[in-house]
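One structure is given below, encoded as structure tokens.
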Amino acid sequence: MLTLNRENFAQEVLQSEQPVLVEFWAPWCVYCRRISPALDRMDQASEVKIAKINIDEQPELAAQFQVEVIPTFLLFQQGQHGDRLIAPGSQAQIEEWIRTQRG
């Protein structure tokens, strides 16, 4: 799983040819830790690249994308993102949301 920061965000997300699922999270977020195994499984089997942004270490990126609640997920395709997914309840919910975002 890819860790994003200000230095690599444009190259890894905005310029990526494949869709990128970005999770905004923090180490103190219990729910973020709970959903993490689902992301690990998805990272192994998905056509979507999965990446994380620690909002404590990258507050500028969190502010840029108006992240107020974590975990927040954005799916970037061709440098753009659509709707956000906030605090999903399961891996299945994340996967279904990705399907709807990809059209």
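For this structure, a couple of remarks:
- The chymotrypsin sites (Phe, Trp or Tyr not before Pro) of region 1-87 meeting both criteria, a DSSP state outside H, G, I, E and B (loop) and at most 12 other C-beta atoms within 10 angstrom of the site's C-beta, are TRP28.
- Accessible surface calculations at 1.4 Å, restricted to protein heavy atoms, place the chain at 56 Å² per residue.
- Sparse packing (at most 12 other Cβ atoms within 10 Å of the Cβ) combined with a DSSP loop state is found for the following GluC sites (Glu not before Pro) in region 41-103: GLU47, GLU68.
- For the chain, carbon and sulfur atoms together expose 45% of the accessible surface, with a 1.4 angstrom probe and every protein chain in place.
- Estimated vicinal HN-Hα couplings, Hz - region 86-92 in sequence order (Karplus 6.51, -1.76, 1.60; Gly, Pro = x): 10, 6, x, x, 6, 4, 4
- Cβ-placed point charges (K, R +1; D, E -1), dipole of the chain about Cα centre in debye, nearest 20: 220
- Computed extension length for GLU57-GLN18: 11.5 nm, one decimal, from 0.36 nm per residue of separation with the Cα-Cα distance subtracted.
- Full-stretch length increase - LEU2, SER46 - with 0.36 nm per residue and alpha-carbon distance subtracted: 14.5 nm
- Calculated from backbone phi, Karplus (6.51, -1.76, 1.60) coupling profile of region 71-76 in Hz, x at Gly/Pro: x, 10, 10, 10, 9, 9
- Value of relative contact order over the chain, rounded to a whole percent, pairs C-alpha under 8 Å and six or more apart: 35
The values are calculated or read from the model by the stated rules, or taken from the named source; none is laboratory data. Everything quoted here is computed from the prediction, not taken from an experiment. Glycine gets a Cβ as well: all are built from the backbone with ideal geometry, and neighbour counts include every protein chain shown. The protein model used for the area step is the full one, side chains on, heavy atoms only, and it has no ligands, DNA or RNA in it. Shrake-Rupley method; radii C 1.70, N 1.55, O 1.52, S 1.80 Å.
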